[in-house]
Amino acid sequence: MLQTFPVQDLRRISARLHDEFSGLSPRCVERCVSDTWNCVEHLGITVTPHLVERVAREHLEAMVNSVPPSQSVRASAEVLLTGHHAMSAEQH
């Protein structure tokens with residue numbers, strides 16, 4: 001049976017998670033919460049705001065942790081690991 005909760009539940013969950021993941025756009029967080037709600041519902045699991053928030057938080061953490069480091073961070077790491085600056089082909 002399709003279970004729905006008031007839209008304000010989705011808004012509250014999205015607001016809390018956006019505070020926690022402020023580096024992501026509000027739209028990205030809202031979409032994650034909405035998708036999570038729909039997936040839980042599709043699987044036939046009893047949907048609760050608490051469950052949706054927990055699963056969406058895990059997904060958002062994975063998204064944040066999967067962002068590759070910037071070029072400057074990589075260059076700094078290379079200096080730390082090798083002790084040498086990377087040289088471009090023009091510098092050789």
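The values are calculated or read from the model by the stated rules, or taken from the named source; none is laboratory data. Given the structure is predicted, the values throughout are model-derived calculations rather than measurements. Cβ sites come from the backbone with ideal geometry, for glycine too, and all protein chains shown count toward neighbours. The protein model used for the area step is the full one, side chains on, heavy atoms only, and it has no ligands, DNA or RNA in it. Shrake-Rupley method; radii C 1.70, N 1.55, O 1.52, S 1.80 Å.
A compact table of results
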read-out	value
Only one of L51, L24 that is surrounded by 10 or more Cβ atoms within 10 Å (Cβ to Cβ), modelled with pLDDT of 65 or more and not in a loop (DSSP other than H, G, I, E, B)	L51
T4 at pLDDT below 95 and of a type in the set (V, I, T)	yes
R74 being modelled with pLDDT of 95 or more and open to solvent by 70 Å² or more (accessible area, probe 1.4 Å)	no
